[in-house]
1. Is it fair to say Ile233 is part of a loop (DSSP other than H, G, I, E, B), open to solvent by less than 20 Å² (accessible area, probe 1.4 Å) and aliphatic (A, V, I, L, M)?
2. Test Thr248 against the criterion of being within 25 Å of Gly161 (Cβ to Cβ), among the polar types (S, T, N, Q) and assigned to a helix (DSSP H, G or I), and give yes or no.
3. Under 24 Å from Val244 (Cβ atoms), of a type in the set (Phe, Trp, Tyr) and not in a helix (DSSP H, G or I): which single residue out of Tyr210, Tyr166 fits that description?
4. Across the stretch 112-126, what is the number of residues that are out of contact with any Leu (no Cβ under 8 Å at 6 or more places or on another chain), in contact (Cβ under 8 Å) with a residue 24 or more places away in the chain and open to solvent by 10 Å² or more (accessible area, probe 1.4 Å)?
5. Among all residue pairs at least 6 apart or on different chains, which show Cβ distances below 6 Å where the first residue, located in the stretch 5-16, is under 17 Å from Ala47 (Cβ atoms) and small (Gly, Ala, Ser) and the second is modelled with pLDDT of 95 or more and open to solvent by 10 Å² or more (accessible area, probe 1.4 Å)?
6. Which is of a type outside the set (D, E, K, R), open to solvent by less than 10 Å² (accessible area, probe 1.4 Å), over 26 Å from Gly64 (Cβ atoms) and touching a residue at least 24 places away in the same chain (Cβ under 8 Å), of Val177, Val244, Val214?
7. Could you say which residue among His84, His89, His132 is under 19 Å from His10 (Cβ atoms), open to solvent by 10 Å² or more (accessible area, probe 1.4 Å) and touching a residue at least 60 places away in the same chain (Cβ under 8 Å)?
8. Given the structure, is Gly160 within 21 Å of Val36 (Cβ to Cβ), in a loop (DSSP other than H, G, I, E, B) and either modelled with pLDDT under 95 or open to solvent by 50 Å² or more (accessible area, probe 1.4 Å) (or both)?
Amino acid sequence: MHYFTDTHTHLYDDAFSADFGETVARAAEAGVTRLVFPDIDSSSRDAMLECASRYPENIFCTVGLHPTSIRENWEDELGMVESHLSGRHRWHGIGEIGMDLYWSKQFLAEQKEAFDTQLSWASGRNLPVIIHSREATAEIFDILEAHRGEGLRGVFHAFGGSIETYRRFDKYGDFYVGIGGTLTYRKSKLPDTLAGIDISRIILETDSPYLTPVPHRGERNESSYIPIIAARIAEIKGTDISAVAAATTANAENLFSLTETKKRI
C-alpha cells in the first residue's frame, strides 16, 4: 500500500455533508491517510474543526482568512484568526491566505494588508503558510519581497505558473508547490513546468470539491483521487508511484509538522 497526504482538501464543505464519513473512508482505502484542512473564514471554521475532531490522528487544520472572504468586515474576521492563533488549538499552518483579483478588485488594499499581516504572524510563530494566488502574481511578489529574510515557509496552492515564476518565489523562503487535478487536464502547461521542479519541492493536493482530475472531471472532487495526481507526476518524472508517494508524504510531514500515523480509518 502506498501512503499519501492530501495537503489541501475542503472535506468539511457542504458538498460532503451527506457523506463525509464515507468520503474519508474512500480516501483511506486509496492510501490517503492524512488530510490537511485549509481554513476559509468564520462561516465554515466550526464545521472544519468539528469534522477534524472525528479523525484527530488523520486530519490536521490550518487557520487563516481567505482573500475572497475579505469584505467590509475583514478586520473583525482577521481578529478572529489572531484569537485562534493565540488559543490552545494546535494549528499546522496559516492558510488559506493570499490574494485573488479574479473575482473582484474592490478590496485590493484590504487583501494586501490582510496577506501582509498573516505572513508576519506566520514568521513570528514559525508556521507554514498556504498561499492562494489568482491573477495576483505581481502583488503577491511585492508583499513577499517585504518579508524576505524572515524565514517564511509554505506552499503555493494550486500552482499553475511557469518555471520562472517558481524560481522567483523560491527566493523568498522555503516553498513547495501544491499540485492537483489541473496537472491532468489536456491543455495544462504544468507537465512542462513540473519537469523542471525537483520532487523534493512537490506536495499533493486536491482542493476538493474543486479542480477534479481526469477522468472524473465534471464530478465532485475528493481526496481519494490523490493517487491519480501522483501517477501523473510519476509519469512526468520517469519514476514509479511509490517513489512519488514516499517523497510527497515526507515533504508534507516536513512542511506541516504532521504526525507519522498511517492509521486506517
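The values are calculated or read from the model by the stated rules, or taken from the named source; none is laboratory data. Quantities reported herein were computed from a predicted structural model and do not represent experimental measurements. Cβ atoms come from the backbone with ideal geometry, glycine included; neighbour counts cover every protein chain shown. Note: accessible area is taken over every heavy atom of the protein model, side chains too, but ligands, DNA and RNA are not part of it. Shrake-Rupley method; radii C 1.70, N 1.55, O 1.52, S 1.80 Å.
1. no
2. yes
3. Of Tyr210, Tyr166, the one residue that is under 24 Å from Val244 (Cβ atoms), of a type in the set (Phe, Trp, Tyr) and not in a helix (DSSP H, G or I) is Tyr210.
4. 4
5. Qualifying pairs under 6 Å: Ala15/Pro209; Ala15/Arg220.
6. Criteria check complete, one pass: Val244.
7. His132
8. It is true that Gly160 is within 21 Å of Val36 (Cβ to Cβ), in a loop (DSSP other than H, G, I, E, B) and either modelled with pLDDT under 95 or open to solvent by 50 Å² or more (accessible area, probe 1.4 Å) (or both).
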